[in-house]
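To start, the structure under review is shown below, and the notes come after it.
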Amino acid sequence: MYLYETLMNSDTKIFKGFFVVLIFLLYFVVVNNLLAIPEDTIKVVVKNPEAEAPSIYQINFKISKAISPKAVIKIKFPLSFDLSGVLVAGSGSINGGFEMKTENQVVTLKRTGLGEEIKPNKKVDVKIAIVINPEEAGESYSIQIEVFDDNNKKIIQKQETVKILPKKE
């Protein structure tokens, strides 16, 4: 059979049509996923999740708006967490330093204005030490994170749950 005869075969025509439709579908799926605006994400990582243990809490986030050098980050812990030992807060990805204040169950981190603006969708982190975990183990301890701009306008507010493991005996 010659190539021309193969191309004129009805099975080949059906396959070509199917192939063209498949290519268009794949193209649109890939383009839409690559060009889509990423969702704001916040994740809380507990370095030592054991009950009653002192721990470092790391908040990783990526948000779709810029974070100014004078932004404020508030982290609200449930009543069962002991924040009396919170001494320091820092970041490996945010430069310029923070002013830290702990009041009731809220740790407030205010950027000093010395660092750069954080571009939208850039992954950044904040670490808080030392938070004492609750006495009771559980999977549904909810921590609320809020980020505010220079004008005290809320950029993002999310709640994340953390799991506290039973105390090792």
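At-a-glance table
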| item | result |
| --- | --- |
| Karplus 3J(HN,Hα) series, Hz, for the range 122-131 with 6.51 cos²θ - 1.76 cosθ + 1.60 (x for Gly, Pro) | 8, 6, 9, 9, 9, 10, 10, 9, 10, 9 |
| Contour minus Cα-Cα distance for Thr41 and Lys154 (0.36 nm per residue) | 39.2 nm |
| Built amide H within the under 5 Å cut-off of Glu50, gap 5+ | Leu165 |
| Sparse-neighbourhood loop sites, trypsin sites (Lys or Arg not before Pro) in the range 40-91 - DSSP loop, at most 16 other Cβ within 10 angstrom | Lys47, Lys65 |
| Interchain or long-range residues, amide H under 5 Å from Lys65's placed H | Asn121 |
| 3J(HN,Hα) from dihedral phi, the range 61-67, Karplus parametrisation 6.51/-1.76/1.60, rounded to Hz, x for glycine, proline | 8, 9, 10, 7, 10, 5, 10 |
| Shape category assigned to the range 41-164 from the gyration tensor of Cα positions, a/c cut at 1.5 | prolate |
| Environment charge at Pro120 (Cβ cut-off 11 Å; Lys +1, Arg +1, Asp -1, Glu -1) | +2 |
| Linear extension gain, Lys101 paired with Glu169, 0.36 nm per residue minus alpha-carbon span | 21.1 nm |
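Throughout, read-outs are computed from the coordinates displayed, never taken from laboratory work. Keep in mind the model is a prediction, meaning the values are calculated, not measured. Because the Cβ atoms are built from the backbone with ideal geometry, glycine has one as well, and the counts that use them run over all protein chains shown.
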